[in-house]
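The values are calculated or read from the model by the stated rules, or taken from the named source; none is laboratory data. All values derive from a computational prediction rather than experimental measurement. Here the Cβ positions follow ideal geometry from the backbone for every residue, glycine too, while neighbour counts run over all protein chains shown. Calculation scope for accessible area: heavy atoms of the full protein, side chains included, ligands and nucleic acids excluded. Shrake-Rupley method; radii C 1.70, N 1.55, O 1.52, S 1.80 Å.
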Amino acid sequence: MKPLEPIRYDYSGLIASKDAPPCVKQTGLVEADLQWLAPRLDAVRQEMAENLTTFRRGLPVPEEMQPMDAGFVDLPERLLDEERPLLDQIMAAGDRLAKEVDRVLVIGIGGSYMGARALFEACGHPYHNELSRQRRGGRPRMYFEGNNLDNDAVQGLLDLVEGSDDWGIIVISKSGGTLEPAVAFRIFFDALRKSCGDDTEKLRRRVIAITGSSGRLRDLATTIGCHDILPIPDGVGGRFSVLSAVGLLPAAVMGLDVGHLLEGAVAMNERFRTAPPGDNPVLDYAGIARLMETRRGATIRILSAWGKGMEGVGLWYDQLLAESLGKNGLGATPLTAVNTRDLHSRGQQHQEGRRDKLITNLVVEKTHREWIALERSDLDQDNLNSLSGKTLPEMLQAACTGTNQAYAEDYRRTATIRLPRLDEGSLGQLFQMLMLATVAEGRLVGINPYGQPGVEAYKKKMNALLRQK
Ligand code: PA5
């Protein structure tokens, strides 16, 4: 078992000391706010534990609390223990597909693809698909489709795969009825069928479906005779499903350490269950977000990722927060920034715009690769010789520290989530932390974090328009 270094949530920058001037106190939080919060957070934790018991025992759920998709909470423990055969099946299917093909298309939308994409961007080589098979560790190239209705994007991917049979499809839809992935699957499955010709056994091995216990995709995959059809457990909602087959199968295909990912989530569950408010990343994150929103008007929730590999994680969180809490005219608006890139697009507004933002930095302590240092050059027109010897991580660190100092000087204080490294163990912790925190925040606000009734509105209109004679 690899050692697991804990991730940390540091909100000390938001808390004003007793003797701080009023302008500091009025823009951040004070000790009294935290004291007010602590018993409420304990109550929420208790309520979440009861919800899990209700869910697992199949007890009746009061109407106002339905749906109650608490199944994600202990899923990591279950997959490493009583549901180990399912985890082994996921791993075996991923390894098999990885060996048999050179390209894998992950077809899904929303919660059915964003976690896999986050893992791909965070843990993989940034140019994975450009590398030789050997440099990809013998793993296939990965593509994400079925998350739009974009003609030219689909044509572009068809250009890469048509006429060849060394590619496969992972099609993911919990309901099995979402239009975007269904349309993409029909198009790409037809292309694959043509390439496989009479070899129906090959076709069956090329497609893996991940879906709910019933629905159109399950019927289709059964009719095709897919070699592997993997479940999305009942009671695990789409955006809470990254640590089910939905995220784990693509991770296994990529060759990621799925066990370490799950162990990270288990460790976060343990901290959530046992650590007191003030030392509990889940409860602290949810509580601080809530206080900053209600007491300081921070209705915009910015995840400020310091590094390109975390953009996918940020977008995954955007979806999690938006679909879970954007209900009844409430819910903070999430936004991912990637720095230093977005200092040159959003930075102006974060420094001097409306005071309606809670900025949480997402920082990684160790890089995957050796540090690049700036060399001296005989061409010093760019005036960079004065920085020779400085490394890229040192420059990024200076940008991060400088940015946060500049915000603080204008009474715009920030919090930070620190990951020891951008690997499976840290991401397992982070995914679980943010999923639990989203539910905890929902319970604090009185919004059911599960379900997404608002998404149905566009689907109904779109289907009516498409099917009208
Ligand atoms: O979080 C959710 O439940 C949604 O974002 C779904 O994941 C998304 O709508 C896709 O649904 P499905 O997996 O049923 O195709």
Practice problem: Report, by residue number, each residue of the stretch 55-76 that is buried (at least 16 other Cβ atoms within 10 Å of the Cβ) and not aliphatic (A, V, I, L, M). | Solution: PHE55, ASP69, GLY71, PHE72, ASP74, PRO76
Quiz item: Just wondering, is there one or more residues in the stretch 49-65 that are assigned to a helix (DSSP H, G or I), within 30 Å of ILE170 (Cα to Cα) and of a type in the set (S, T, N, Q)?
Solution: no
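Being closer than 24 Å to LEU29 by Cα and either assigned to a helix (DSSP H, G or I) or open to solvent by 90 Å² or more (accessible area, probe 1.4 Å) (or both) narrows it down to one residue among GLY314, GLY309, GLY402; which is it?
Working: GLY314 fails: closer than 24 Å to LEU29 by Cα; GLY309 fails: closer than 24 Å to LEU29 by Cα.
Step by step, each of GLY314, GLY309, GLY402 is checked, and only GLY402 is closer than 24 Å to LEU29 by Cα and either assigned to a helix (DSSP H, G or I) or open to solvent by 90 Å² or more (accessible area, probe 1.4 Å) (or both).
Within the stretch 140-208, considering only helices (runs of 4 or more DSSP H) that don't extend past its boundaries, which have at least 3 residues that are aliphatic (A, V, I, L, M)?
Numbers: elements: 151-161, 179-196, 200-206.
Ranges flagged: 151-161, 179-196.
If you go through the stretch 330-366 one residue at a time, how many are among the hydroxyl-bearing types (Ser, Thr, Tyr) and surrounded by fewer than 20 Cβ atoms within 10 Å (Cβ to Cβ)?
Taking the stretch 330-366 first, the residues among the hydroxyl-bearing types (Ser, Thr, Tyr) are 333, 336, 340, 345, 360.
In the following step, the residues that additionally are surrounded by fewer than 20 Cβ atoms within 10 Å (Cβ to Cβ) were identified as 333, 340, 345.
Selection size over the stretch 330-366: 3.
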Quiz item: Among all residue pairs at least 6 apart or on different chains, which show Cβ distances below 7 Å where the first residue, located in the stretch 254-269, is β-branched (Val, Ile, Thr) and the second is at pLDDT 95 or above?
Solution: VAL258/MET91; VAL258/LEU248; VAL258/ALA251; VAL258/ALA252; VAL266/PRO76; VAL266/GLU77; VAL266/LEU80
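So which of LEU14, LEU97, LEU37 is in contact with a strand residue (DSSP E or B) (Cβ under 6 Å, 6 or more places away or on another chain), in the same structural domain as GLU409 (by TED's automatic domain parsing) and open to solvent by less than 30 Å² (accessible area, probe 1.4 Å)?
Values: LEU97 fails: in the same structural domain as GLU409 (by TED's automatic domain parsing); LEU37 fails: in contact with a strand residue (DSSP E or B) (Cβ under 6 Å, 6 or more places away or on another chain).
Answer to the check: LEU14.
Only one of GLY247, GLY235, GLY278, GLY259 is surrounded by fewer than 24 Cβ atoms within 10 Å (Cβ to Cβ) and in contact with a Gly (Cβ under 6 Å, 6 or more places away or on another chain); which?
Working: GLY247 fails: surrounded by fewer than 24 Cβ atoms within 10 Å (Cβ to Cβ); GLY278 fails: in contact with a Gly (Cβ under 6 Å, 6 or more places away or on another chain); GLY259 fails: in contact with a Gly (Cβ under 6 Å, 6 or more places away or on another chain).
Answer to the check: GLY235.
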Practice problem: Considering each residue of the stretch 414-467, count those that are open to solvent by less than 20 Å² (accessible area, probe 1.4 Å), farther than 15 Å from LEU321 by Cα and of a type in the set (Gly, Ala, Ser), and give that number. | Solution: 4
Quiz prompt | Tally, over the stretch 439-457, of residues that are within 11 Å of the ligand (Cβ to nearest atom) and not in a loop (DSSP other than H, G, I, E, B) | solution = 2
Practice problem: Go through (1) under 22 Å from the mean Cα position of the chain (by Cα); (2) assigned to a helix (DSSP H, G or I) and name the single condition THR336 misses. | Solution: (2)
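Can you find, within the stretch 98-143, the residue that is nearest to VAL455 (Cα to Cα) among those that are of a type in the set (A, V, I, L, M, F, W, C) and within 13 Å of the ligand (Cβ to nearest atom)? I'd like the intermediate steps shown before the answer.
Residues of the stretch 98-143 that are of a type in the set (A, V, I, L, M, F, W, C), as a first pass: 98, 101, 104-107, 109, 114, 116, 118-120, 122-123, 131, 142.
Then keep just the ones that are within 13 Å of the ligand (Cβ to nearest atom); that gives 106-107, 109, 114, 116.
On the way: VAL106: 22, ILE107: 19, ILE109: 12, MET114: 17, ALA116: 21 Å.
Here the residue is ILE109.
Say whether the condition of being within 16 Å of the ligand (Cβ to nearest atom), in a strand (DSSP E or B) and touching a Phe, Trp or Tyr at 6+ places or on another chain (Cβ under 8 Å) is met by at least one residue in the stretch 322-333. Give the steps one after another, and end with the answer.
Filtering the stretch 322-333 down to residues within 16 Å of the ligand (Cβ to nearest atom) leaves 322-327, 331.
Subset that is in a strand (DSSP E or B): none.
No: the stretch 322-333 contains no residue that is within 16 Å of the ligand (Cβ to nearest atom), in a strand (DSSP E or B) and touching a Phe, Trp or Tyr at 6+ places or on another chain (Cβ under 8 Å).
Have a look at GLU201, GLU100, GLU121, GLU130 and point out the one that is in contact with a His (Cβ under 9 Å, 6 or more places away or on another chain), among the acidic types (Asp, Glu) and on the phi < 0 side of the Ramachandran plot.
On the way: GLU100 fails: in contact with a His (Cβ under 9 Å, 6 or more places away or on another chain); GLU121 fails: in contact with a His (Cβ under 9 Å, 6 or more places away or on another chain); GLU130 fails: in contact with a His (Cβ under 9 Å, 6 or more places away or on another chain).
Checking each option against the conditions leaves just GLU201.
Within 16 Å of the ligand (Cβ to nearest atom), in the same structural domain as ASN147 (by TED's automatic domain parsing), of a type in the set (Phe, Trp, Tyr) and under 25 Å from ALA153 (Cα atoms) - does that describe any residue in the stretch 167-177? Outline the logic, then answer.
Within the stretch 167-177, the subset within 16 Å of the ligand (Cβ to nearest atom) is 169-177.
From what's left, in the same structural domain as ASN147 (by TED's automatic domain parsing): 169-177.
This time we only want the ones that are of a type in the set (Phe, Trp, Tyr), so: none.
No: zero hits.
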Quiz item: Going through the stretch 232-278 one residue at a time, which ones are charged (D, E, K, R) and farther than 17 Å from LEU422 by Cβ?
Solution: ASP234, ARG239, GLU270, ARG271, ARG273
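Residue-wise test of (1) modelled with pLDDT under 95; (2) under 26 Å from LEU52 (Cα atoms); (3) in a helix (DSSP H, G or I).
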site	(1), (2), (3)
ASP219	no, no, yes
VAL236	no, yes, no
ARG239	no, yes, yes
VAL246	no, yes, yes
VAL253	no, no, yes
ALA265	no, yes, yes
ASN269	no, yes, yes
PRO276	no, yes, no
GLY287	no, yes, yes
Quiz item: Is there any pair with a first residue in the stretch 95-120 that is more than 12 Å from ILE208 (Cβ to Cβ) and a second that is acidic (Asp, Glu) and more than 12 Å from the ligand (Cβ to nearest atom) whose Cβ atoms are under 8 Å apart and which are 6 or more apart or on different chains, and what are they?
Solution: ASP102/ASP166; ARG103/ASP166; LEU119/GLU424
